[in-house]
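Reviewing the structure listed below.
The values are calculated or read from the model by the stated rules, or taken from the named source; none is laboratory data. Given the structure is predicted, the values throughout are model-derived calculations rather than measurements. Note: ideal-geometry Cβ built from the backbone for every residue, glycine included; neighbour counts use all protein chains shown. In case anyone asks, the SASA skips ligands and DNA or RNA and just uses the protein heavy atoms, side chains included. Shrake-Rupley method; radii C 1.70, N 1.55, O 1.52, S 1.80 Å.
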Amino acid sequence: MLKTFFKQKENHSDSLIEEINLLTPDEKESMIDGLLDLVALLKSSNEKNAKGDSVFIERITEVKNTVEEGRTSLITSSDNIQRILDEAQNIHSITAAVEAQGEQNIGLVNEGNENMDKLDSQMDYVKNVFTNFEKSIAEVQQETNDIIAITNIIAGIADQTNLLALNASIEAARAGEHGKGFAVVAAEVRKLAEQSKNALVNVNKKVNEIVRQVSVLSADIVEKSKEFDHTQEMTRLTSEFFGKIAISEKKLFTSMSGIKLATDQTMAEIITFRQELEAIVHLSEQSTKRIDELYIFSQDKFFISTDMTSYISQVKYLVEALKNDQL
Amino acid sequence: MELIRSNSTKQKNTVEAVKEVTSKLHTEPSLLLFFTSTTHSFQEVTALFNAQYPNCEVVGLTTTGEIGPSGFLENGLVAMSFAKSIGQISTVLMNDISKYPIFSRNDLISSAKHIGINLNSQTLEKEGVALVFPNGLIAAEEKMLSIVNSIFPHEGFPVFGATAGDDAKFIETFISLNGEVSSKGGVVIFMKPTVDFVMLKENIFTSTGKSMKITKADTEQRIVYEFDGKKATTIYANRLGVKENELDQYFMTNPLGRRFNNEIFIASPFQILPNGAIQFYCQVFQDSIVEILEPKNPVETLQQTLHTFKSEFTELEGVLAFNCILRKLQFQSHGLFQELNRELEKLPNLGGFCSYGEQFNKSLVNQTLVLLGLGKKR
């Protein structure tokens, strides 16, 4: 019967119907039982297949989620690395700027130091001027003292002259007519002596004024001299301080150069790492594409298995119809 | 001349209704589709249409609500005519899709070949499209689809359709082809159009992220007995965070979805059975992982869908739309018809109905809106 079934494909249905009609009830029952068993087996296999499909889809979904998570992490890492690179570039720029500034600062400090030295010298010079001035004042004071002494002498002379003139007037009066001319002269001499004395008073006043002013000036100069000493001390301290700054700047300069070198190295390593990361991201994108293809494949497979389910249930109905001899 | 025309009526008198609805259709189309509420006698409607269009393929079915040029309507009659220039049309009535759809396989092969569809093509998506209209309430859609798809050795022939309804009475549905009425069969229309076509499936649900594994199910009966090794209703209610005895109130808003990569196929729960099992509107598969879904904003989603759909075309001739009963009930309870119709009436020559299930290529899906547009693609 099988040979007939396979060889005569064109009219196999006719010969099959003929053969079915020739079957004994027992044979027919065996055939139907056989068919029902096969249907049960098909159903069971289909269910196993469908279960496999479900597990397959579950696993793909898990893999896809894992890949997606991984990809998200990688992209985040890549972004973070870019930020690190940007920061490193920033540090690089800052260190370069600090280095340049450091050089400038050292220059400024040296210039400052030179100016401090010049200032110190200037101050010494001024101090000398003050010292000389002080000496001159002392001399002036001495001179004014001499002037006062001289005016005193002149005052003494004026007094004596006045007395003499008075005596002369008295003697002139005694001389009567012969002494009138002399009395006039004596009176004039007395006037002169008075005038001299008045002039001397003015001179004295002026000299005293000069003495006072010179004293004030002298005190002032002493005061200023002290201040100058203080300022000079400050200048020396500042100079020392500048020296320390210069040393500090030089140390900073050395450190900055070190940082710049280290940063350059780190940046190079990070760039390499990022390139490797991007390659991995690209691979995971490809994985995602493969997974999408797997999904389409599993979807098609799922539809095939649902078709199988339909076919199997239809075969079952047909076999039952055969069994019952009616549709 | 328009390639596709559609019209609707709420006229209660059947004769007047048919007269009114056909007044705006082609007089000599190559295909006429009608979708009717059970308020009309299906036998009578079928007879009237066939009498009026003796020289064309006439296909009709009962619905659970209709979709006409102005959108959703109830207790109405909708008809669509396709001009001869739309392309080649051939039809098959599969008499019994519940047990013996296989008997119609040869008819399907000859019908498809008759209009020049190359069954062995490796690019089947360019060969044409099959419209399928199975009867409802007999759990036969997947079987019908398996036989329709079986005539093609390769994958990819576009299949588009919906299950007949009966205004939510759940007693019996009807389909007819050229005057022959059936409640156990299904109609297949093969079309080789002269214009482009686009199929779209809208999903107004998104995943809540809560999932469960179907650990015991009867695929053919569409029953899930257990999730995660425990009674179905217990686990479903638990995952959703509701009381078990209130679970059925959430079926409409929180159906289940099976995820394939980024696409979700919805499986809507139908009813709870005495032993805590749940019966669905479509096949459910043991060992598959399903996610509990929640609704997106329907109006916004529809706007987005229609925008995407229309942008596929430079010229859209007409649209077939099939909408699941559960979606319709959801829209009804939220009073959304007016807003949705405002969007739908922007589509030219729209026709369709609310159904007990939608067919989209190889699968039966639930709670979806499926659209078929014919015209010139961008």
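Couple of notes before you dig in:
- Flag: A:Glu223 does not match the condition of being part of a helix (DSSP H, G or I), free of Cβ contacts under 8 Å to residues at least 24 places away in the same chain, within 14 Å of chain B (Cβ to nearest Cβ) and not aliphatic (A, V, I, L, M).
- Checking the stated criteria, A:Glu269 turns out to be free of Cβ contacts under 8 Å to residues at least 60 places away in the same chain and surrounded by fewer than 17 Cβ atoms within 10 Å (Cβ to Cβ).
- Boolean, A:Asn113 is in contact (Cβ under 8 Å) with a residue 24 or more places away in the chain, of a type outside the set (Val, Ile, Thr) and within 14 Å of chain B (Cβ to nearest Cβ): no
- Checking A:Val315, A:Val281, A:Val319 one by one, the residue that is at pLDDT below 85 and either surrounded by 11 or more Cβ atoms within 10 Å (Cβ to Cβ) or not polar (S, T, N, Q) (or both) is A:Val281 and no other.
- The set of residues in the stretch B:341-360 being over 15 Å from B:Arg5 (Cα atoms) and either within 14 Å of chain A (Cβ to nearest Cβ) or surrounded by fewer than 22 Cβ atoms within 10 Å (Cβ to Cβ) (or both) consists of B:Asn341, B:Arg342, B:Glu343, B:Gln359, B:Phe360.
- Residue list for the stretch A:57-72, filter: under 11 Å from A:Ser298 (Cβ atoms) and out of contact with any helix residue (DSSP H, G or I) (no Cβ under 7 Å at 6 or more places or on another chain): A:Glu58, A:Arg59, A:Thr61
- Verdict on B:Lys376 being within 14 Å of another protein chain (Cβ to nearest Cβ) and touching a strand residue (DSSP E or B) at 6+ places or on another chain (Cβ under 9 Å): no
- Within the stretch B:181-208, tally of residues that are among the charged types (D, E, K, R), modelled with pLDDT of 95 or more and in a strand (DSSP E or B): 2
- Residue in the stretch B:195-212 that is within 14 Å of another protein chain (Cβ to nearest Cβ) and among the hydrophobic types (A, V, I, L, M, F, W, C) present: yes
- Residue within the stretch B:299-319 that is aliphatic (A, V, I, L, M) and touching a Ser or Thr at 6+ places or on another chain (Cβ under 6 Å) present: no
- For B:Ala51, the conditions (1) surrounded by fewer than 23 Cβ atoms within 10 Å (Cβ to Cβ); (2) touching a residue at least 24 places away in the same chain (Cβ under 8 Å) all hold with the exception of (2).
- Any pair with Cβ under 7 angstrom, 6 or more apart, that starts in the stretch A:133-149 at a residue that is closer than 12 Å to A:Ser215 by Cα and ends at one that is open to solvent by 50 Å² or more (accessible area, probe 1.4 Å): A:Ile137/A:Leu217; A:Thr144/A:Ile210
- Scan the stretch A:51-95 for residues that are surrounded by 14 or more Cβ atoms within 10 Å (Cβ to Cβ) and either away from every other protein chain (no Cβ under 14 Å) or touching a strand residue (DSSP E or B) at 6+ places or on another chain (Cβ under 8 Å) (or both) and the total you get is 18.
- Selection status of B:Ser363, under 30 Å from B:Val284 (Cα atoms), open to solvent by 40 Å² or more (accessible area, probe 1.4 Å), at pLDDT below 95 and not hydrophobic (A, V, I, L, M, F, W, C): no
- The requirement of being over 17 Å from the mean Cα position of the chain (by Cα) and part of a strand (DSSP E or B) is fulfilled somewhere in the stretch B:316-339, by at least one residue.
- Candidates in the stretch A:66-99 are the residues that are among the polar types (S, T, N, Q) and within 23 Å of the chain's Cα centre (by Cα); of these, the one that is farthest from A:Leu277 (Cα to Cα) is A:Thr95.
- Test: residue in the stretch A:76-83 that is free of Cβ contacts under 8 Å to residues at least 12 places away in the same chain, closer than 30 Å to A:Ile296 by Cβ and either of a type outside the set (S, T, N, Q) or part of a helix (DSSP H, G or I) (or both): yes
- Of the listed requirements (1) away from every other protein chain (no Cβ under 14 Å); (2) crowded, with 22+ Cβ neighbours inside 10 Å, B:Ala83 misses just one: (2).
- The stretch A:281-319, residues that are over 24 Å from A:Val55 (Cβ atoms), facing another protein chain (nearest Cβ under 9 Å) and without any contact (Cβ under 8 Å) to a residue 60 or more places away in the chain: A:Gln314, A:Tyr317, A:Leu318
- The C-beta contact set for the stretch B:255-278 (first residue in contact (Cβ under 8 Å) with a residue 12 or more places away in the chain, second residue part of a strand (DSSP E or B) and among the basic types (Lys, Arg), distance under 6 angstrom, 6+ apart or interchain) comprises B:Phe265/B:Arg258; B:Gly276/B:Lys231.
- Residue match in the stretch A:189-205 (condition: surrounded by 11 or more Cβ atoms within 10 Å (Cβ to Cβ) and not in a helix (DSSP H, G or I)): no
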